[in-house]
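Throughout, read-outs are computed from the coordinates displayed, never taken from laboratory work. Because the structure is predicted, anything quoted here is derived from the model rather than measured. Here the Cβ is made from the backbone with ideal geometry for all residues, glycine too, and neighbour counts use every protein chain on show.
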Amino acid sequence: MTDAAFVPGHITGFFSAHPDDDPTKAGSRGAGLALADGVTVRVEPGDGLELNGESVDIEAVDRVLGALRVDARVVAETDLPLGSGFGISGALALGTALAANNAFDRGLSENELVTIAHGAEVQAGTGLGDVVGQARGGFPIRLDPGAPQYGTMDGIPARREIEYVTFGELSTAEVIGGDTEELTAAGKQSLSQLVAEPTLETFMHASRRFAREVGLLTPQLRQAIQDVADAGGEASMAMLGETAFALGSGLSDAGYDADRCDVHLAGAHLL
């Protein structure tokens, strides 16, 4: 009754919010990328949630365990910074669903487990699209909101190294829980641009424009993105966190002490 899963970190470049009374139908449209840096989640007999050696409370994880009718202790580890736009809560929910299903013989399919984790995160107010992106891997494009049975997914056929640097935290709940009309309009425009030309260059351009139009760029992020551009690179902001990400060695070339990893093509999986 012990099992483990790996879930890639997920950076969203832009999105539009689409609420629904059914949390599995609610979600976001948009695009992002899955990181080889991610979260390892283990379930074992007991109770409680431990993240990087500390006891924490994550509503989405509790909801997943409740949906699976499982009493278990969840132990998770990650090197990614928390609250900075890497989809940690989504990774914890999805990793718990995958590992608990296997450890406790619940017999559910991948899509069913992704649906449970997605719905749990939407209800918790901590994300709208990370889970489905983390399940797919690569450079996912979310053409429709919601869990797999409701949403169509596509992707950018590419493989690149990614760099990122974090300056602080932003509250996802405050942004997606407020007035999202302007944000959604900008996200729809960015998605149309990417669908018309599904390349990494278009993705980065659409992401930068989205961040500027919705007013989420802090002075540090604005400066980092400009520094990368001055060095000949492509950078943008991770939604939702005070994190800049860049293709290749863009941030290092601009003089930043950045972390670098591959894009994770496989998506979430059991270990």
| Per residue of the chain, what 222 nm ellipticity follows from adding -39500 (n - 2.57) for every DSSP H run with n ≥ 4, rounded to the nearest 500? | -11000 deg cm²/dmol
| field | Between helix 88-103 and the chain: long-axis angle, C-alpha atoms, 0 to 90°, nearest 10 | value | 30 degrees
| said: Which of rounded, prolate or oblate describes segment 173-271 when judged by the alpha-carbon gyration tensor and an a/c cut-off of 1.5? | reply: rounded
| query | Helix 200-213 versus the longest principal axis of the chain: what is the Cα-based angle in degrees, 0 to 90, to the nearest 10? | reply | 90 degrees
| said: Output needed for the chain: three equivalent-ellipsoid semi-axes, defined as square roots of 5 times the C-alpha gyration tensor eigenvalues, in descending order, whole Å. | reply: 29, 20, 16
| task | Give me the angle, in degrees from 0 to 90, between the Cα long axis of helix 59-68 and the longest principal axis of the Cα atoms of the chain, rounded to the nearest 10. | result | 40 degrees
| request: Let me have the relative contact order for segment 1-137, percent, based on Cα pairs under 8 Å that are six or more residues apart. | output: 33 percent
| request: For segment 1-119, take the alpha-carbon Rg, divide it by the Kirkwood Rh, and send me Rg/Rh. | output: 0.96
| note | Over all Cα pairs of segment 37-191, the Kirkwood radius sets Rh, and Rg/Rh then becomes 0.96
| task | Please label the shape of segment 117-197 as rounded, prolate or oblate, based on the square roots a ≥ b ≥ c of the eigenvalues of the alpha-carbon gyration tensor (a/c under 1.5 means rounded; beyond that, a/b larger than b/c means prolate, else oblate). | result | rounded
| Relative to the Cα centre, what is the charge dipole magnitude of the chain, using +1 at the beta carbon of each Lys and Arg, -1 at the beta carbon of each Asp and Glu, and rounding to the nearest 20 debye? | 620 debye
| Taking the Cα centre of segment 150-189 as the origin, how large is its charge dipole in debye, to the nearest 20, when only Lys and Arg (+1) and Asp and Glu (-1) carry charge on their Cβ atoms? | 280 debye
| said: Given Cβ point charges of +1 (Lys, Arg) and -1 (Asp, Glu) and nothing else, what value in debye, to the nearest 20, does the dipole of segment 51-173 about its Cα centre take? | reply: 300 debye
| query | Which one of 170, 72, 233 is farthest out on the positive end of the charge dipole of the chain, using unit charges on Cβ (Lys, Arg +1; Asp, Glu -1) and the Cα centre as origin? | reply | 233
| said: How high is the relative contact order of the chain? Use alpha-carbon pairs under 8 Å, at least six apart in sequence, and give a whole percent. | reply: 27 percent
| query | At what distance in angstrom do the alpha carbon centres of segment 5-82 and segment 201-271 lie from each other? | reply | 22 Å
